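Below you'll find the structure, written out as structure tokens, and then a few comments.
The values are calculated or read from the model by the stated rules, or taken from the named source; none is laboratory data. Fair warning: this is a prediction, and the values are worked out from it, not measured in the lab. With ideal geometry, Cβ positions are generated from the backbone for all residues, glycine too; neighbour counts draw on all protein chains shown. The accessibility values were calculated without ligands, DNA or RNA, using every heavy atom of the protein model including side chains. Shrake-Rupley method; radii C 1.70, N 1.55, O 1.52, S 1.80 Å.
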Amino acid sequence: AQTVTQSQPEMSVQEAETVTLSCTYDTSESDYYLFWYKQPPSRQMILVIRQEAYKQQNATENRFSVNFQKAAKSFSLKISDSQLGDAAMYFCAYRSEPSNSGYALNFGKGTSLLVTP
Amino acid sequence: GAVVSQHPSWVICKSGTSVKIECRSLDFQATTMFWYRQFPKQSLMLMATSNEGSKATYEQGVEKDKFLINHASLTLSTLTVTSAHPEDSSFYICSANRDYTTEQYFGPGTRLTVT
């Protein structure tokens, strides 16, 4: 089974600054998907960004970007110009290519991001 | 588009009773639905995967006789917690896949409290 590791239980960033959240994973598969999800206090899971393993180009969504290092099995999330609304739990997740597993997500333990004014 | 709803959002039940949680895809047909459980300040743990018209696939350690999953249509899956006990108190989240290539769309979750 694939494991996802987020080594930072908590991170803090000042408003308007940049912060990077770490994620590593373990897999023997060559094709897969990686995701970052945000869970604010409402507990609604919100997709932040996704990356297909076969794509070399790092995904970007406005202020959010990833550093995908396939050989190192690393998938970090960079949040630029942090805003108070970015405060939340962030989960890194892995998903295999379609198979009998039903495309279930394996989540890391999460990183709690605090944004200070 | 791609909205998933859950009902109820919060339920309190007495120990020994059963409670049903509904998960609906409102504007798409879900090929697969998933049920997760989340304890406070912890990650999401997959409980089971369900496909419309077939039996759910449960993760190791999840009691299928306690957590009954019915995926009756392409837009509705239900999770029934039978003979609930206080240790079943948790936050239950469902999600749905629209097809083989898109991400999972998550419901808002259901907070279950067993007294």
Item to check | Pairs, first more than 11 Å from A:Phe91 (Cα to Cα) in the stretch A:2-24, second assigned to a strand (DSSP E or B) and of a type in the set (Asp, Glu), C-beta under 7 Å, six or more apart | outcome: A:Gln2/A:Asp26; A:Thr3/A:Asp26
Checklist outcome for this item: Reported set for the stretch B:71-104 where residues are open to solvent by 10 Å² or more (accessible area, probe 1.4 Å), assigned to a loop (DSSP other than H, G, I, E, B) and modelled with pLDDT of 95 or more is B:Thr82, B:Ser83, B:His85, B:Ser89
Checklist outcome for this item: Inside the stretch B:32-52, the number of residues satisfying the requirement of being open to solvent by less than 50 Å² (accessible area, probe 1.4 Å), more than 11 Å from B:Ser95 (Cα to Cα) and at the interface with another protein chain (Cβ under 9 Å from one of its Cβ atoms) is 3
Item to check | Residue pairs meeting the criteria (Cβ under 9 Å; at least 6 apart or on separate chains; first within 30 Å of A:Ser30 (Cβ to Cβ) and of a type outside the set (A, V, I, L, M, F, W, C), in the stretch A:69-87; second part of a loop (DSSP other than H, G, I, E, B) and at pLDDT 95 or above) | outcome: A:Ser74/A:Ser22; A:Ser74/A:Cys23; A:Ser76/A:Ser22; A:Ser76/A:Cys23; A:Lys78/A:Thr18; A:Lys78/A:Arg63
Next on the checklist: Of everything in the stretch A:61-117, what is open to solvent by 10 Å² or more (accessible area, probe 1.4 Å), hydroxyl-bearing (Ser, Thr, Tyr) and either more than 14 Å from chain B (Cβ to nearest Cβ) or not in a loop (DSSP other than H, G, I, E, B) (or both)? Give them in sequence order.
Outcome noted: A:Ser65, A:Ser74, A:Ser76, A:Ser80, A:Ser96, A:Ser112, A:Thr116
Next on the checklist: Just the residues that are assigned to a strand (DSSP E or B) and open to solvent by 40 Å² or more (accessible area, probe 1.4 Å), please, taken from the stretch A:28-60.
Outcome noted: A:Ile46, A:Leu47, A:Arg50, A:Thr60
Next on the checklist: I need the full set of residues from the stretch B:33-58 which are within 11 Å of B:Asn97 (Cβ to Cβ) and either more than 12 Å from the chain's Cα centre (by Cα) or in a loop (DSSP other than H, G, I, E, B) (or both), in order please.
Outcome noted: B:Asn51
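Report, by residue number, each residue of the stretch B:4-32 that is small (Gly, Ala, Ser) and within 14 Å of the chain's Cα centre (by Cα). Let's see the steps before the verdict.
Of the stretch B:4-32, the ones small (Gly, Ala, Ser) are B:5, B:9, B:15-16, B:18, B:25, B:30.
If the condition is that a residue be small (Gly, Ala, Ser) and within 14 Å of the chain's Cα centre (by Cα), then B:Ser5, B:Ser9, B:Ser25, B:Ala30 are the ones that fit.
Listed here are the residues, each with its yes/no results for (1) open to solvent by 30 Å² or more (accessible area, probe 1.4 Å); (2) more than 14 Å from every other protein chain (Cβ to nearest Cβ); (3) farther than 19 Å from A:Ser42 by Cβ.
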| residue | (1), (2), (3) |
| --- | --- |
| B:Ser15 | yes, yes, yes |
| B:Ser54 | yes, no, yes |
| B:Gly61 | yes, no, yes |
| B:Leu68 | yes, yes, yes |
| B:Val114 | no, yes, yes |
Checklist entry - Only one of (1) more than 10 Å from chain A (Cβ to nearest Cβ); (2) open to solvent by less than 30 Å² (accessible area, probe 1.4 Å); (3) in contact (Cβ under 8 Å) with a residue 60 or more places away in the chain fails for B:Gly107. Which number is that? => result (1)
